Every structure is written in C-alpha cells, then in structure tokens.
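The values are calculated or read from the model by the stated rules, or taken from the named source; none is laboratory data. Just so we're clear, the structure is a prediction, and the values are computed from it rather than from any experiment. As a convention, Cβ positions derive from the backbone with ideal geometry for all residues, glycine included, and neighbour counts pool all protein chains shown.
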Amino acid sequence: MVSEVLARVEGVCGELVLRRVGPHHEIIANGVFLMDTRNGESERLMVAAAADRMPAGATMLIGGLGVGFSLREALDHPRVGSIVVVEREAAVLDWNRTVLGNAGVLADPRVRVVRDDLLAWLPAAGRFGALCLDIDNGPEWTVDDGNASLYGRAGLAMIDDALAPGGVLAVWSAGRAPAFAAALAERYGPVETLEIPVPRGEPDLVFLVTRSRSGSGD
C-alpha cells in the first residue's frame, strides 16, 4: 500500500515523520517505526491492567501520548480519577489535536497535558496511583540513549518515589527485556507479564508491578 508523508519535523532527538498508509497513520522517529493507528491492543491492555489494579479514583500518569490509544482507554476506565499525559514532542501533541482526531480527549477536564521530558519532570511531580510508560519501543530499544537510565536501578528508584502506596507501574515493551524484568523483580518481587501476539515476530509485552501499601518497593 502506498504511503504518503504528511509531515516531517525536527523533534527533540531527531527527525519525526507522520505518514498515512491507506486509512491509517504512522509515526516514524529517525527512520525507526514507533507507532500507528491500526490496532492499539497492547497499549489499551497496558492501561486497563494498571487501572484494574490501582487505587480507585487515583490519578494515572501516561508517559508518551502515542496516537491516543492509552489516553482513550484511561478515560473509559471507571477506576481512573484523573490523568496526566507527559509528552515531550510538540509535533506529536499537534498531530493528535489535528489529523489523528484526538482534540476532544486531550481537552477532557480530567486530562492534564504536560509537554516535557518524563525523566526530567517526574522527580518533582508528586505521586500517582498508576504509571503507564510507553516512551520507547522497550527497555532495550529506546528512542534515544538518554532514556536508558529509566530502566535501571536509579530510574526505578525515581519511579518508586512517584508511586503512591498500592500504586501500579505498567511498562510497554516490544521485546522480552530480561535485565529490566530482573530489576523489577529485585525491587518489587513477582512481576506480572502480559503477552499480546503480533502478526510477525515476538509478542508485545506489558510488565506490571505494584508498590507495597506499607512502603517502597525495596
């Protein structure tokens, strides 16, 4: 199917391209496919699974707006009180408000949009009932080198500080990421891993852990 480039911009860490392929849209970063509007099953599952387990009525943080699947799922879930979306790319926000058709969900009164780098913004952000992180293709396939620190011990300590007691961390990944799964288990204990089959290659994964109600994950 023929693709049509709709926009090409310089983003925070390189070139971002929005293209249309038939009825669908795709976002490409530095020549690497990031996301599209075809399905969104794994993104929706990430949010639904975290919401099912989070304290009812709490605030969910969504790291990475993508094409809006995660945000729409959060707005539809009865346990989610409010939502903060952190997205560092202005173009992604603009495309969601225009061609991707998500202006209405972004304007919902329960939604706060923050344009910032998640790693820089999170330490002073307070605590959340759930963190749903989808800012990379996975812990071992990051969009840029700077994101790699999020998935190590220092990054998990920062995440832990941002989780309320009983809060849930959900991380999307396009691969197994055994080192990250081991780091999660070391801090939080048993890790729940959800698998979502894809047409070709390894399944998408969602890693889930819960912060204890009595203290940190240590």
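Matching residues to (1) over 16 Å from G64 (Cα atoms); (2) of a type in the set (V, I, T); (3) within 16 Å of the chain's Cα centre (by Cα); (4) at pLDDT below 95:
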position: E4; (1), (2), (3), (4): yes, no, no, no
position: A7; (1), (2), (3), (4): yes, no, no, no
position: G11; (1), (2), (3), (4): no, no, no, yes
position: L16; (1), (2), (3), (4): no, no, no, no
position: R19; (1), (2), (3), (4): yes, no, no, no
position: I28; (1), (2), (3), (4): no, yes, no, yes
position: G31; (1), (2), (3), (4): yes, no, no, yes
position: M35; (1), (2), (3), (4): no, no, yes, yes
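Summed over region 4-36, the residues that are surrounded by 14 or more Cβ atoms within 10 Å (Cβ to Cβ) and assigned to a strand (DSSP E or B) give a count of 19. The numbered conditions (1) surrounded by 20 or more Cβ atoms within 10 Å (Cβ to Cβ); (2) closer than 17 Å to R53 by Cβ; (3) aliphatic (A, V, I, L, M) are all true for A177 except (2). Could you tell me whether any residue of region 184-202 is more than 16 Å from the chain's Cα centre (by Cα), among the basic types (K, R) and part of a loop (DSSP other than H, G, I, E, B)? The answer is yes, given that some residue of region 184-202 is more than 16 Å from the chain's Cα centre (by Cα), among the basic types (K, R) and part of a loop (DSSP other than H, G, I, E, B). Within the option set L61, L18, being within 29 Å of A124 (Cα to Cα), in contact (Cβ under 8 Å) with a residue 24 or more places away in the chain and among the aliphatic types (A, V, I, L, M) holds for one residue only, L61.
Put simply, of V171, V105 the only residue that is in contact (Cβ under 8 Å) with a residue 12 or more places away in the chain and under 15 Å from G63 (Cβ atoms) is V171. For beta carbons closer than 9 Å, sequence separation of 6+ or different chains, a first residue in region 139-155 that is within 17 Å of D117 (Cβ to Cβ) and a second that is in a helix (DSSP H, G or I) and among the β-branched types (V, I, T), the qualifying pairs are L150/I159. Among the candidates V113, V168, the residue that is in contact with a Leu (Cβ under 7 Å, 6 or more places away or on another chain), farther than 19 Å from A49 by Cα and not charged (D, E, K, R) is uniquely V113. Could you look through region 21-64, keep only residues that are polar (S, T, N, Q) and touching a Gly at 6+ places or on another chain (Cβ under 9 Å), and pick out the one that is farthest from R213 (Cα to Cα)? Top of the filtered list is N30. Scanning region 18-52 for residues that are under 16 Å from L131 (Cβ atoms) and either among the polar types (S, T, N, Q) or in contact with a His (Cβ under 6 Å, 6 or more places away or on another chain) (or both) yields one hit, A51. The residues of region 1-39 that are of a type outside the set (D, E), farther than 21 Å from T142 by Cβ and out of contact with any Leu (no Cβ under 8 Å at 6 or more places or on another chain), listed by number, are M1, V2, S3, V21, G22, P23, H24, R38, N39.
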